[in-house]
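Colleague: Structure below; questions to follow.
The values are calculated or read from the model by the stated rules, or taken from the named source; none is laboratory data. Please read all numbers here as calculations on a predicted model, not as lab measurements. Cβ placement follows ideal geometry from the backbone for every residue including glycine, while neighbour counts extend to all protein chains displayed. Quick note on the areas: whole protein, heavy atoms, side chains included, nothing else; ligands and nucleic acids left out. Shrake-Rupley method; radii C 1.70, N 1.55, O 1.52, S 1.80 Å.
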Amino acid sequence: RSFLKSAGGGVALGATMVNRGRHLLFAGGPEYSARAIELVERSTVIDMLAPLWISPSKTMKMLGNPDNFTAADYAPYKDSGINVFHIAIGTGGPDAYLETLKFLSGYDSFLARHDAWFARVETPSRLDGTKASGKVGILLGIQNAEHFRKVDDVDYFYGLGQRVSQLTYNARTLIGNGSTERRDDGLSDFGVGIVERMNKVGMAVDVSHCGDKTTLDAFEVSKKPVLITHSNCRALNPNHPRCKTDEAIKAMAAKGGVMGITEVRMFISPTEPTGMDAMLDHYDHVAKLVGVEHLGVGSDIDLLGYDAMPPDEYKQLKAGYKSSYGFRDKIDIDGYKFAKRPFDLAEALIRRKYGDADIEAILGGNFRRVLKEIWTV
């Protein structure tokens, strides 16, 4: 707030900040309107899929020895405008249990070592207090549920700090079917038991990568809201399996859930060019279909972007998915500053004539509301 006053950037009129020019928020740019800056500053910004590092080698370096992470490494996260990072990764296959244990224990060590900078977000009160703490919030999740070998494992991993779990990644599991499977028979009886236990302990059910029938089954079975943390709209990208149908989006809203929009090129549009306007069309579609109260951010990207990955890891990433994923030369969208993305998004939503209250809800208010509801048992 003091920045805005010294800059003379805006005048508050009712609930809306009138833009009185543009301002250099960080050294080296870019410039943002006073209204966009104010919206981000007063919001608890939650990105419901935002790994700290996409690069596997960097992840191993930082989690393997937390002392490798320095104040210079921390600065971009503090300056990003994002208050809570949901850092879920995909584990799976025969070693899913051990892989997930290693991932969560790695973050336990990392957060313990850097508790002056980061705060674990695992309760409604911690979610409410993250912004005021001045720390960057970390929400632990997994983009699969194969580490749940039995229903009681849900309780065990909840005890380790996991607060969100996708029911499946892209492949078929004992729980249900992923989005790129040839057929989707929906949730199994075991999967129903997993959802019921997640409801009981207060772990959020996420269906971002699930197949269409498994997605709809989750909405039917769950007694609590179900999340689509990071996906896009199939109405705008008809042949992509990672996008959600209007039927699914309506079912999500009817259950009281929230859908986060990704910033991944091939999920957003099947054609070029693919920039911010194409991404914003997905925000508009969900808002018009079910209402702004069911809309949020799930970038599915770190602060650097996929295209900044080491070439060998970038190639390996693309090779790890079926052709239905539709990778093109680039994965990142054009004209978007990933390191400052809440400011870019706020600015873009202003251009699309969203009101201040709606922008605050999209930036994090909606996910904050629904996570508190799910976590309260």
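Colleague: Quote the charge dipole size of the chain about the Cα centre in Debye, to the nearest 20; the model charges only the Cβ of Lys and Arg (+1) and of Asp and Glu (-1). Walk me through the numbers before you get to the answer.
Modeller: Values: 47 positive and 48 negative charges, 119 e Å.
Dipole size: approximately 580 debye.
Colleague: Using a 1.4 Å probe on the protein chains only, how many percent of the accessible area of the range 267-342 belongs to carbon and sulfur?
Modeller: 55 percent
Colleague: At a Cα cut-off below 16 Å, give the lysines reachable from Lys372, other chains included and same-chain residues fewer than 8 away excluded.
Modeller: Output for Lys372: Lys131, Lys200, Lys223, Lys224, Lys255.
Colleague: Grab the Cα-Cα distance for Arg182 and Lys318, subtract it from 0.36 nm times how many residues apart they are, and report the gain in nm with one decimal. Show your work: numbers first, answer last.
Modeller: Numbers: separation 136, 0.36 × 136 = 48.96 nm, distance 1.96 nm.
Value of the extension gain: 47.0 nm.
Colleague: Residues with beta-carbon under 11 Å from that of Asn68, excluding Asn68: net charge, scoring Lys, Arg +1 and Asp, Glu -1?
Modeller: Working: positive: Lys58, Lys61, Arg113; negative: Asp67, Asp73.
Net charge in that neighbourhood comes out at +1.
Colleague: For Lys135, give me every one of the lysines with a C-alpha distance below 18 angstrom, ignoring sequence neighbours fewer than eight places off in its own chain.
Modeller: Cross-link targets: Lys78, Lys340.
Colleague: Listed highest first by mean packing, meaning other Cβ atoms within 10 Å per residue, what order do 228-234, 281-287 come in?
Modeller: Values: 228-234: 28.0, 281-287: 20.9.
Ranking, from highest mean packing down: 228-234, 281-287.
Colleague: If each of Lys78 and Arg126 carries a label point 7 Å out from its Cα toward its Cβ, how far apart are those two points in nm?
Modeller: 2.1 nm
Colleague: Also, I was wondering about something else. State the answer as a single residue: which of Ile228, Pro241, Met276 lies farthest towards the positive end of the charge dipole of the range 206-283, with beta carbon charges of +1 for Lys and Arg and -1 for Asp and Glu, about the Cα centre.
Modeller: Most positive-ward Cα: Ile228.
Colleague: Follow-up question, since we're still on this one. Label the chain by shape, choosing from rounded, prolate and oblate, from the square roots a ≥ b ≥ c of the eigenvalues of the Cα gyration tensor; if a/c is under 1.5 it is rounded, and otherwise prolate applies when a/b is larger than b/c, oblate when it is not. Before the final figure, lay out each step's value.
Modeller: Details: a/c = 1.45, a/b = 1.31, b/c = 1.11.
The shape class here is rounded.
Colleague: If you don't mind, there's one more thing I want to ask. Over the chain, average the accessible area per residue using a 1.4 Å probe and give it in Å², no decimals.
Modeller: Details: 15070 Å² over 377 residues.
The answer is 40 Å² per residue.
Colleague: While we're looking at this one, here's another question. Amide H to amide H, which residues 5 or more places from Thr91 or on other chains are under 5 Å from it, using H placed in the peptide plane?
Modeller: Gln143, Asn144
Colleague: Express in whole angstrom the spacing between the alpha-carbon centres of the range 139-195 and the range 262-328.
Modeller: The distance from the Cα centre of the range 139-195 to that of the range 262-328 comes to 23 Å.
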